[in-house]
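Q: Below you'll find the structure I mean.
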Amino acid sequence: MRVGQEYRIVPVALPNGVFHPKVIYLANDERQLLLIGSGNVTFGGHGKNTEVFEALSSEQHASVFADFSAFLEALGTHPEARIPNRSWIDDFAQRALQAATPGVSAKDAPLKLIHPIDRTAIEQLSEETADFGDCQEVRIVSPYYDPDGEAVQKLMSSVGAVQGVVAVTGDKETPFPFDNAKTWPSPIIAKKPETEVKRFVHAKWIEFDCSAGRLLFTGSFNATRKALATNDNVELGVLRRVESDDQLLNWTQCEPPAFEPNERFPSGLGNNEIVHACFDRHDPQKLSGQLITLRELDGKWQYRLTQADGLSHEGAVDLELDGTFEIHDPDLEPFSELPALQIVLLCDDREARGWVHNELLLNVGARRRLTAGALSRLMRRDGSDDDIQALLDYLSISADRHLRLFSSPIVDTNNQAKGSCDQSDAVLVRVRLDELSPTSELHDDHIGFSGDKLGVGDQFDDALARVRRMILGHGRSKSTASNEGLGSAILAEDEVSDSDRQTSEQIAYTLGLKDFEVAIDQMIAECDDQPENIPGLCILELEVGMWMRLHRLDDIDGALEYLGDWLHRTSYLSAPDWLDERMLAQHFVTGTAICAGLDRSSENTSQLVRLHDDLERFAKGSVSLEEARKNLINDPTVGFAGALSRGTATLDLARSLDKVLATRTRRQQLAEALELRDLEVTVPESWPVFSSTTGQTLYKSLNRAGWEKRIKQAIPEFAACSFCYAKFPKQEEAVFTSERIGLCVQCKKFSLDLNP
């Protein structure tokens with residue numbers, strides 16, 4: 001289920017042989033490890049069979065890493081090897097070379113890697129053993145031999161062995177022809193190697209006892225002609241010197257059982273055909289690949305994509321002479337994020353199969369618990385609680401790495417043609433307005449993703465861009481159990497009563513939403529040296545917070561309350577140029593219109609005053625209707641507006657924004673009140689700025705004789721009395737901040753904040 005998303009399967013085909021090395025390369029920031037041996041990546045190869053591996057570290061076996069780099073380079077330039085994706089070859093060749101550069105070789109080294117790409121293994125082993133004097137004995141363990149034992153005879157002859165030992169690993173039969181070997185110049189003895197557990201012996205093991213030392217050769221080489229005496233296969237083995245008195249295996253002489261030759265398997269690609277295909281990292285409507293074949297490429301080809309659940313898509317495709325192909329089709333988009341996706345190419349009676357890879361996800365790598373699989377499920381709106389927790393956990397730690405991504409604007413496709421973009425947006429992720437429709441209007445096979453270039457940066461940013469698009473417009477999970485307040489899906493017979501179900505607050509706590517918001521707030525508080533990061537952090541906090549409340553907690557009222565609270569908090573963080581932060585300005589202006597339009601008491605002037613106050617504080621000055629409308633996403637059926645209003649078109653965002661801007665802010669009301677009193681005109685008591693307790697006290701003072709001696713404009717950015725300069729206590733300072741009215745507890749005079 002993870003192939004193509006969390007790991008690659010790259011076919012390597014040879015015309016007359018097999019790709020047979022068994023290598024595992026492990027790396028972290030501190031060290032690198034090579035495992036070279038006999039075990040395939042199967043249950044048998046890693047736990048059931050008797051196998052042998054060399055575990056080689058970059059700290060102690062530097063020469064081996066240099067040899068491994070050379071092996072990969074030889075493989076990459078192999079004239080007959082069919083390898084549709086060679087990027088991994090260059091990657092690991094460079095890794096191995098870098099690991100070898102500062103390393104050293106331990107006292108039992110240098111070890112040497114043997115491969116048959118350029119010269120046969122027998123030729124190389126003959127040269128290596130020659131430096132150790134006369135070869136007294138060769139001991140061989142192998143699961144496979146030639147029916148006539150040709151490779152064993154050639155090996156013994158090339159090293160000049162006095163005698164040979166061939167392991168007997170079965171009780172009833174052996175694949176080695178002991179009777180035939182009786183005619184050879186050097187005798188062959190049958191012996192049993194002692195193993196702790198009775199298992200199928202798949203290990204490949206050749207010991208050379210020489211007069212001046214002992215050598216051990218392990219790896220993927222069977223004792224066959226193809227492996228040891230030709231260049232047809234790709235194999236890999238390790239040759240090391242061992243101490244003469246180190247008995248690695250105990251041998252017991254025995255009588256050979258009956259001869260039963262190995263079943264002969266076809267070698268080489270032959271008439272078999274394989275497909276390798278992958279989705280483009282930036283464009284999910286583009287699928288490219290290669291047919292690996294030795295046959296002529298002619299005729300009309302059809303392709304078919306098939307997913308594990310039976311979903312499929314098919315069409316025609318043209319193949320180049322080298323088997324490569326490229327498909328552009330909008331219908332491919334829903335398949336681009338599906339796991340376990342296979343492709344079949346068909347032409348007359350020819351059929352070739354392979355796995356489809358998603359390059360976007362494959363280049364992600366695990367970030368803490370946020371794996372490629374989790375990202376894929378989140379994109380498809382199938383994210384589990386664990387996936388959501390992993391996303392919040394990652395963003396809580398690493399949000400500052402992706403602020404540019406979350407600062408990208410929304411583009412109205414009604415006013416801007418697809419594919420076009422402003423110069424300033426050229427390197428940003430742009431979310432299209434028509435992709436943010438409510439989930440209830442989406443078809444099940446629709447996956448919101450624009451074919452535009454996603455931007456610059458690594459693949460993880462590209463994947464997060466698609467997750468962000470889901471957050472903005474496609475957030476509701478397909479599963480209903482989680483949306484009904486349950487922490488996880490519950491079977492019908494285990495159904496609980498409503499009183500036992502988790503509340504939205506409990507679920508939010510469980511999923512880590514509170515921890516996420518605390519972490520983002522802490523990042524914002526620590527941005528003194530990097531104020532340019534604050535807009536991106538505010539956007540990230542809003543988008544994730546709204547997505548969670550709307551689509552995971554199904555808490556519409558809580559989401560609307562959270563939006564209003566975010567507007568208020570963000571207005572105090574803003575700088576004069578924040579209206580130039582296009583995405584933040586879009587969220588702020590549109591959020592203001594949403595809150596005004598969805599307020600249950602549509603004529604609630606106090607709410608409109610607060611919203612206008614926040615907008616004016618955000619812009620650090622008066623906001624014109626024209627300026628505000630430039631940043632309004634004026635479509636009530638998309639994004640947060642569509643989700644909060646359940647996708648209805650009755651919400652008039654433009655009209656709601658007009659109402660907000662038509663309502664005077666507290667600052668405007670206070671400034672006008674002072675102007676009226678200067679003209680000796682009575683100020684109406686019904687103004688909202690006078691509705692609070694402090695406002696009532698101010699109103700009475702304004703209408704008394706000598707009011708100008710008790711009321712003065714506050715000093716900018718100075719939370720203290722403008723008359724006696726006494727600092728406001730905390731309670732009075734809070735009132736001064738929220739209501740713009742400061743009442744000094746010492747001189748009992750008023751300071752009015754008239755600064756934007």
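Q: Check whether at least one residue in the range 346-369 is outside any loop (DSSP other than H, G, I, E, B), at pLDDT below 85 and out of contact with any Phe, Trp or Tyr (no Cβ under 8 Å at 6 or more places or on another chain), and report yes or no.
A: yes
Q: All but one of (1) open to solvent by 20 Å² or more (accessible area, probe 1.4 Å); (2) over 30 Å from residue 382 (Cβ atoms); (3) modelled with pLDDT of 90 or more hold for residue 577, so report the exception by its number.
A: Exception for residue 577: condition (3).
Q: Just a yes or no: is a residue in the range 360-369 over 15 Å from the mean Cα position of the chain (by Cα), open to solvent by 10 Å² or more (accessible area, probe 1.4 Å), basic (Lys, Arg) and on the phi > 0 side of the Ramachandran plot?
A: no
Q: Looking at residue 152, is it open to solvent by less than 40 Å² (accessible area, probe 1.4 Å), assigned to a strand (DSSP E or B) and at pLDDT 95 or above?
A: Details: open to solvent by less than 40 Å² (accessible area, probe 1.4 Å): yes; assigned to a strand (DSSP E or B): no; at pLDDT 95 or above: yes.
Here the answer is no, as residue 152 does not meet what is asked.
Q: Checking residue 44 against (1) closer than 21 Å to residue 265 by Cβ; (2) open to solvent by 60 Å² or more (accessible area, probe 1.4 Å), only one condition comes out false. Which one?
A: Of the numbered conditions (1) closer than 21 Å to residue 265 by Cβ; (2) open to solvent by 60 Å² or more (accessible area, probe 1.4 Å), the odd one out for residue 44 is (2).
Q: Against the conditions (1) modelled with pLDDT under 90; (2) closer than 20 Å to residue 388 by Cα; (3) open to solvent by 10 Å² or more (accessible area, probe 1.4 Å); (4) touching a Lys or Arg at 6+ places or on another chain (Cβ under 9 Å), where does residue 550 fall short? Just the number, please.
A: In the conditions (1) modelled with pLDDT under 90; (2) closer than 20 Å to residue 388 by Cα; (3) open to solvent by 10 Å² or more (accessible area, probe 1.4 Å); (4) touching a Lys or Arg at 6+ places or on another chain (Cβ under 9 Å), residue 550 misses (3) alone.
Q: Next question, about the same structure. Restricting the search to the range 121-147, which residues are farther than 16 Å from residue 204 by Cβ and touching a helix residue (DSSP H, G or I) at 6+ places or on another chain (Cβ under 6 Å)?
A: Selection gives 126, 129, 135.
Q: Do any residues in the range 110-129 that are under 14 Å from residue 238 (Cα atoms) and open to solvent by 20 Å² or more (accessible area, probe 1.4 Å) have Cβ atoms under 6 Å from those of residues that are of a type in the set (Phe, Trp, Tyr) and in a helix (DSSP H, G or I), where the two are at least six apart or on different chains, and which pairs are they?
A: Matching pairs, first to second residue: 115/71.
Q: A further question follows. Restrict the check to the range 290-300 and report whether at least one residue is open to solvent by 70 Å² or more (accessible area, probe 1.4 Å), out of contact with any His (no Cβ under 6 Å at 6 or more places or on another chain) and more than 19 Å from residue 82 (Cβ to Cβ).
A: Yes, there is a match, as at least one residue in the range 290-300 is open to solvent by 70 Å² or more (accessible area, probe 1.4 Å), out of contact with any His (no Cβ under 6 Å at 6 or more places or on another chain) and more than 19 Å from residue 82 (Cβ to Cβ).
Q: Separate question: Looking at 345, 338, which one is open to solvent by 30 Å² or more (accessible area, probe 1.4 Å) and closer than 13 Å to residue 287 by Cβ? If you could, list the steps in order and put the result at the bottom.
A: Details: 345 fails: open to solvent by 30 Å² or more (accessible area, probe 1.4 Å).
Just a single option satisfies the conditions, and that option is 338.
Q: When you go through (1) among the polar types (S, T, N, Q); (2) open to solvent by 50 Å² or more (accessible area, probe 1.4 Å); (3) in contact with a strand residue (DSSP E or B) (Cβ under 9 Å, 6 or more places away or on another chain); (4) over 21 Å from residue 260 (Cβ atoms) one by one for residue 195, which number turns out not to apply?
A: In the conditions (1) among the polar types (S, T, N, Q); (2) open to solvent by 50 Å² or more (accessible area, probe 1.4 Å); (3) in contact with a strand residue (DSSP E or B) (Cβ under 9 Å, 6 or more places away or on another chain); (4) over 21 Å from residue 260 (Cβ atoms), residue 195 misses (4) alone.
Q: Another question about this same structure. So how many residues does the range 721-756 have that are in contact (Cβ under 8 Å) with a residue 24 or more places away in the chain, open to solvent by less than 20 Å² (accessible area, probe 1.4 Å) and of a type in the set (A, V, I, L, M, F, W, C)?
A: 4
Q: For residue 377, indicate whether it is open to solvent by 30 Å² or more (accessible area, probe 1.4 Å), without any contact (Cβ under 8 Å) to a residue 24 or more places away in the chain and touching a helix residue (DSSP H, G or I) at 6+ places or on another chain (Cβ under 9 Å).
A: For residue 377, the condition - open to solvent by 30 Å² or more (accessible area, probe 1.4 Å), without any contact (Cβ under 8 Å) to a residue 24 or more places away in the chain and touching a helix residue (DSSP H, G or I) at 6+ places or on another chain (Cβ under 9 Å) - is met.
Q: Among (1) polar (S, T, N, Q); (2) touching a residue at least 24 places away in the same chain (Cβ under 8 Å); (3) part of a loop (DSSP other than H, G, I, E, B), there is one condition residue 247 misses while meeting the rest; what is its number?
A: That leaves (2) as the condition not met.
Q: How many of the residues making up the range 641-686 are of a type in the set (D, E, K, R), touching a residue at least 40 places away in the same chain (Cβ under 8 Å) and touching a Leu at 6+ places or on another chain (Cβ under 9 Å)?
A: Of the residues in that region, 2 qualify.
Q: Could you check the range 313-345 and list, in sequence order, the residues that are part of a strand (DSSP E or B) and touching a helix residue (DSSP H, G or I) at 6+ places or on another chain (Cβ under 9 Å)?
A: Selection gives 313, 315.
Q: Could you tell me whether residue 664 is of a type in the set (Lys, Arg) and at negative phi? Steps first, answer last, please.
A: Numbers: of a type in the set (Lys, Arg): yes; at negative phi: yes.
Criteria met by residue 664.
Q: Please find, within the range 130-140, the residue that is surrounded by the fewest Cβ atoms within 10 Å (Cβ to Cβ) out of those that are acidic (Asp, Glu) and either in contact with a Ser or Thr (Cβ under 8 Å, 6 or more places away or on another chain) or at pLDDT below 95 (or both). Before the answer, list the steps.
A: Pass one, the range 130-140, residues acidic (Asp, Glu): 131, 134, 137.
With either in contact with a Ser or Thr (Cβ under 8 Å, 6 or more places away or on another chain) or at pLDDT below 95 (or both) added as a condition, the list becomes 131, 134.
Values: 131: 10, 134: 14.
Ranking the candidates gives 131 first.
Q: Could you tell me whether residue 214 is in a loop (DSSP other than H, G, I, E, B), touching a strand residue (DSSP E or B) at 6+ places or on another chain (Cβ under 9 Å) and basic (Lys, Arg)?
A: no
Q: Could you list all residues from the range 582-595 that are surrounded by fewer than 24 Cβ atoms within 10 Å (Cβ to Cβ), modelled with pLDDT of 90 or more and of a type in the set (A, V, I, L, M)?
A: 585
Q: Now for a different question. Return the pair list, or none, for Cβ contacts closer than 8 Å from residues in the range 517-537 that are open to solvent by less than 70 Å² (accessible area, probe 1.4 Å) to residues that are part of a helix (DSSP H, G or I) and polar (S, T, N, Q), at least 6 apart or on different chains.
A: So the pair list comes out as 519/396; 520/396; 523/533; 527/533.
Q: Now a separate question. Confirm whether residue 646 is over 22 Å from residue 581 (Cβ atoms), of a type outside the set (Val, Ile, Thr), open to solvent by 80 Å² or more (accessible area, probe 1.4 Å) and part of a helix (DSSP H, G or I). Reasoning before the result, please.
A: On the way: over 22 Å from residue 581 (Cβ atoms): yes; of a type outside the set (Val, Ile, Thr): yes; open to solvent by 80 Å² or more (accessible area, probe 1.4 Å): yes; part of a helix (DSSP H, G or I): no.
Here the answer is no, as residue 646 does not meet what is asked.
Q: Check whether at least one residue in the range 296-306 is under 18 Å from residue 344 (Cα atoms), at pLDDT 90 or above, among the β-branched types (Val, Ile, Thr) and in contact with a Lys or Arg (Cβ under 7 Å, 6 or more places away or on another chain), and report yes or no.
A: Looking for residues that are under 18 Å from residue 344 (Cα atoms), at pLDDT 90 or above, among the β-branched types (Val, Ile, Thr) and in contact with a Lys or Arg (Cβ under 7 Å, 6 or more places away or on another chain), one finds none in the range 296-306, hence no.
Q: Here's another thing I want to ask about it. Being open to solvent by 20 Å² or more (accessible area, probe 1.4 Å), within 30 Å of residue 44 (Cα to Cα) and of a type outside the set (Val, Ile, Thr) is the filter here, so list the residues in the range 203-226 that pass it.
A: Correct list: 205, 225, 226.
Q: Just one of the numbered conditions (1) open to solvent by less than 90 Å² (accessible area, probe 1.4 Å); (2) free of Cβ contacts under 8 Å to residues at least 12 places away in the same chain is not true of residue 309; which one?
A: Just one mismatch for residue 309, condition (1).
Q: Hey, another quick one. Of all residues in the range 389-399, which are open to solvent by less than 10 Å² (accessible area, probe 1.4 Å) and either assigned to a loop (DSSP other than H, G, I, E, B) or touching a residue at least 24 places away in the same chain (Cβ under 8 Å) (or both)? Steps first, answer last, please.
A: Step one: of the range 389-399, the residues open to solvent by less than 10 Å² (accessible area, probe 1.4 Å) are 390-392, 394-395, 398-399.
Within the range 389-399, 391, 392, 394, 395, 398, 399 meet the criteria.
Q: Restricting to the range 289-312, count the residues that are under 21 Å from residue 269 (Cβ atoms) and in a strand (DSSP E or B).
A: 6
Q: Residues that are within 28 Å of the chain's Cα centre (by Cα): list the helices (runs of 4 or more DSSP H) wholly contained in the range 514-626 that include at least 3 such residues.
A: The helices (runs of 4 or more DSSP H) meeting that bar are 534-547, 582-598.
The values are calculated or read from the model by the stated rules, or taken from the named source; none is laboratory data. Since we're looking at a predicted model, the values are computed, not measured. Every residue, glycine as well, gets a Cβ built from its backbone with ideal geometry; the counts of neighbours run over all protein chains shown. Heads up: the accessible areas ignore ligands, DNA and RNA and are worked out on the full protein's heavy atoms, side chains in. Shrake-Rupley method; radii C 1.70, N 1.55, O 1.52, S 1.80 Å.
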